[in-house]
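First up is the structure itself, then whatever we jot down about it.
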Amino acid sequence: MMKETLNVQGMTCGHCKMSVEGALKKLDGVTDAEVNLDAGQVDVTFDDSKVNVPAMKEAIEDQGYDIA
């Protein structure tokens with residue numbers, strides 16, 4: 001398992017947190033996603049043989065957020 005912290009711009013509330021975590025957890029290979037609104041980050045635990053960082057970034061961007 002790998003762990004990656006992504007900087008996400010535009011998250012301000014609980015709905016933002018749920019959107020980003022939900023989108024990431026739907027990806028095959030992502031086992032956990034934890035948003036920290038104050039830091040503007042999401043910590044993702046994933047199996048790098050099933051999913052990669054660009055796919056995770058795309059899932060977040062599809063929710064309307066930008067990756068820093």
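Side notes on the structure shown:
- Pairs where the first residue, in the stretch 31-49, is closer than 16 Å to TYR65 by Cα and the second is open to solvent by 70 Å² or more (accessible area, probe 1.4 Å), C-beta under 6 Å, 6+ apart: ALA33/LYS25; ASP43/GLU34
- Scanning the stretch 45-54 for residues that are open to solvent by less than 60 Å² (accessible area, probe 1.4 Å) and either of a type in the set (D, E, K, R) or touching a Pro at 6+ places or on another chain (Cβ under 9 Å) (or both) turns up just one, ASP47.
Okay, residues lined up against (1) touching a Pro at 6+ places or on another chain (Cβ under 8 Å); (2) on the phi > 0 side of the Ramachandran plot; (3) surrounded by 15 or more Cβ atoms within 10 Å (Cβ to Cβ):
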| residue | (1), (2), (3) |
| --- | --- |
| GLN9 | no, no, no |
| CYS13 | no, no, no |
| LYS26 | no, no, no |
| ASP32 | no, no, no |
| GLY40 | no, yes, yes |
| MET56 | no, no, yes |
| ASP62 | no, no, no |
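The values are calculated or read from the model by the stated rules, or taken from the named source; none is laboratory data. Since the structure is predicted, the reported quantities are computational estimates derived from the model, not experimental observations. Note that we place each Cβ from the backbone using ideal geometry, even for glycine, and neighbour counts take in every protein chain shown. Side chains included, ligands, DNA and RNA excluded: accessible areas come from the protein's heavy atoms. Shrake-Rupley method; radii C 1.70, N 1.55, O 1.52, S 1.80 Å.
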